[in-house]
Amino acid sequence: MKFRLFRVVVMLSSLWMASCSSSPPQETDQAPVEQTADKAGTEEQENPNEAESDILPVGDSPVLGKADAPVTIVAFSDLQCPFCARGATTMHRLVDKYPNDVRVVFKHYPLPFHQQADEAAKATIAAGNQGKFWEMHDWLFENQRQFKVHQNGFKEWTSQRAKEMGLNVEQFEADFDAPATQKQIDDDMKLGQDVAVRGTPHFFVNGERVRGAKPLAEFEAVVKRKLKQANELLSEDGVSREALYKKAVAENYTKPEPPKRRKSHKPKTRVEYVPVSDQDPMFGNTKDPLVTIVEFSDFQCPFCAKVTPTLDQISKEYGDQVRVVFKQLPLAMHAQAKPAARAALAAHEQGAFWEMHDKLFEKQREMRANADNFDAWAIDVAQEIGLDVAKFEKDYNSDAIAQKVEDDLELAQKVGARGTPNFWINGVNLRGAQPFPEFKAEIDKQIKLAEQLRDDKGLEGEALYKAAVAKNEADNPQKDDKPAVRKKPEPKIDTSKLVVGQAPILGPKDAPVTIFVFSDFQCPYCKRGIQNAEAALKKHPDEVRLVYKHYPLPFHKEAKPAAKAAMAAGEQGKFWEMHDKLFEKQREMRKHSADFDAWVAGLAKEMGLDVAQFKEDMKKPEYDKIIEADMKMGREVGVRGTPVFFVNGVRVVGAQPTSKFDSTIKEELDEAK
């Protein structure tokens, strides 16, 4: 366990050096090669070198090519790294082109941010135990885009492939889970760390380091130099064939200089008054604490989960001297964080916020797996902690809960909370999942300050909290600039900024009320919001039209191709039919990420479209221009997420109930009279 933690820390601290490892961590373009049919050089064969290299030992690693080849390429690779896939192809070509001169040795180096890389490595080892390492290796690289689709059943998926390859599936699955398999991966990782591998792919050609998925020509140049050197060692220096690899590595390998440590710049201390409401979830002395700790947190953030035991320790050590107040800051990159925040607040309505808080962090890894049915999953969690499920579901979907989340997000922006977790201790900012001593130092300081203010001025409760923050702000020697606060969008905009153009329209073109919607086909709130808006339209069939604008969010990978599918259907007069179909099948999108075009073509066929024309239209470059123009228009009128509606210019944000759309429509109709 200690080694695995060490492995993650080492890799994250050093990934900037290699191709698969800049910031964010990179992968490079290299990868091992496929095993030839020749029995010589298979992974089952013993290493023929009598003098193994102490620096880069071949050991029992899979080998592609002739065992006595004068040039050995040791490849550290990650089966989920796209650059490694490219590098693997290059390795195959080298062995094919230099069949007597080059062999490739594969070493596992799964990067920590590739969640399926470890399991993929296990699959190749399990297949290798039955003589099919390279066949599984090649198949995994060819099907790399399917990894996330099968993230919840990766072993089962690769077991099916093992069956197709004629392997003993029972043995394959046993080897997949065997401790020896994990040890092989850990040993390769440790070797990689010892020789300063900081990303993937990473190669050593007879010991000479080559980083990244270089083109074939660059590898050939290195191979030719090493062949010349090998011949000189054999003929002039009298090195034996068996000792050649060890001697060449000893001459060629150089350990790089350790990366220069950047000077650490301690951030300026920020002090902000963060208002606290009686409706906020909190624990500790909720009425008259000496110290108020406000936490902005995200239920899908692993660092927020990590700091939870520290807060428990604060509670035990300081008792009624402290209160901890929870504020919601679901980050945009965490797709399930906002509904998780609503689930916690819905539980709060039944006095069970902290029970739901703990359960959500406990089950954090399940969130992504249940992305397509998160609402149902949250209800199951509510039932698990003994809540009234009917009330929970009602509150979870209520406008009031959704607004509370938005209010916390706006407050976070105002006080400068840019990430999670973020804490304010009597207004003094402490960022990140800091260890207990960091909290303790500030809390002890704040207790002394609060006691002095209480004794000197007779303050207590909220008055004491405000006074402590004010004193901290006045005494702050490193006053930070106030965070730039994004201007709140106007509640009503100039309608001239909203241009219909060629956008799809639902309803009469001359209707007195126009609703523009900026929407994303993969956004669950868009689905609900548009359904509610259309229900309001049915109440005013001759008076309202709906104009659709595309706003695919960057973290919804299938949203943009879905927008193109809707436009392609629109070419045949069926935009709204495809629009409804995509929202109806929304939960299936992620499952079809690898074959999305084929999947939507299937939907087109169901709708009776000319499928050949649909496929051609999907490729139109002008669709990208239309989407970008819609998004540019949205940004100019303050759209920051989806859905956003404009009812004759009146901004309506989020999946509002039908009653909200109906009342806004009526107000605009009355104004038009």
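Is the C-alpha gyration tensor of the stretch 406-560 telling us rounded, prolate or oblate? Criteria: a/c under 1.5 is rounded; beyond that, a/b larger than b/c is prolate, otherwise oblate. It comes out prolate by the Cα gyration axes. Toward the positive end of the charge dipole of the chain, with +1 on the Cβ of Lys and Arg and -1 on the Cβ of Asp and Glu, the farthest Cα among Gly570, Thr308, Ala417 is that of Ala417. Counted by Cβ distance under 15 Å from Lys163, the other residues give a net charge of -3, where Lys and Arg count +1 and Asp and Glu count -1. For the listed residue pairs Lys327/Lys466; Lys148/Lys620; Lys327/Lys471; Lys338/Lys394; Lys414/Lys625, the alpha carbons are over 25 angstrom apart in Lys148/Lys620; Lys414/Lys625. If each residue of separation counts as 0.36 nm, what is the full-extension length gain between Asp375 and Tyr253 once their alpha-carbon separation is subtracted? Full-extension gain reported as 38.4 nm. Classify the stretch 245-388 as rounded, prolate or oblate from the Cα gyration tensor: take a ≥ b ≥ c as the square roots of its eigenvalues, call it rounded if a/c is under 1.5, otherwise prolate when a/b beats b/c and oblate if not. Oblate.
Counting neighbouring Cβ atoms within 10 Å and putting the fewest first, the residues Glu577, Glu584, Glu460 line up as Glu584, Glu460, Glu577. In the chain, Rg over Rh equals 1.04, where Rg is the alpha-carbon radius of gyration and Rh the Kirkwood radius from pairwise Cα distances.
Listed from fewest to most Cβ neighbours within 10 Å, the set Phe575, Phe326, Phe133 follows the order Phe575, Phe326, Phe133.
Spin-label pair Glu406-Ala180: with each label point 7 Å from Cα along the Cα-Cβ axis, the two points sit 6.0 nm from one another. Only lysines eight or more places from Lys97 in sequence, or on another chain, were considered; those with a Cα closer than 29 Å are Lys39, Lys66, Lys107, Lys132, Lys214, Lys224, Lys226, Lys228, Lys246, Lys247.
A Cβ-based charge dipole, computed about the Cα centre of the stretch 495-672 with Lys and Arg at +1 and Asp and Glu at -1, lands at about 580 debye. Dipole orientation for the chain: of the candidates Ile515, Val71, Thr200, Ile515 has the Cα lying most toward the positive pole (charges on Cβ; Lys, Arg +1; Asp, Glu -1). Here the average projected area of the convex hull drawn through the C-alpha atoms of the stretch 579-673 stands at 8.7 nm². Charge dipole of the chain (Cα centre as origin; +1 on each Lys and Arg Cβ, -1 on each Asp and Glu Cβ, all else neutral): 1820 debye, rounded to the nearest 20. Across the chain, the mean sequence separation of Cα contacts (distance under 8 Å, 6 or more residues apart), normalised by length, yields a relative contact order of 11 percent. Among Met367, Met165, the ranking by other beta carbons within 10 Å of each residue's beta carbon, starting with the fewest, stands as Met165, Met367.
Any read-out appearing in this document is the output of simple, stated calculations on the displayed coordinates, not a laboratory observation. Nothing here was measured: the structure is a model prediction, and the numbers come from that model. All Cβ positions, even for glycine, are placed from backbone atoms using ideal geometry, and neighbour counts span all protein chains on display.
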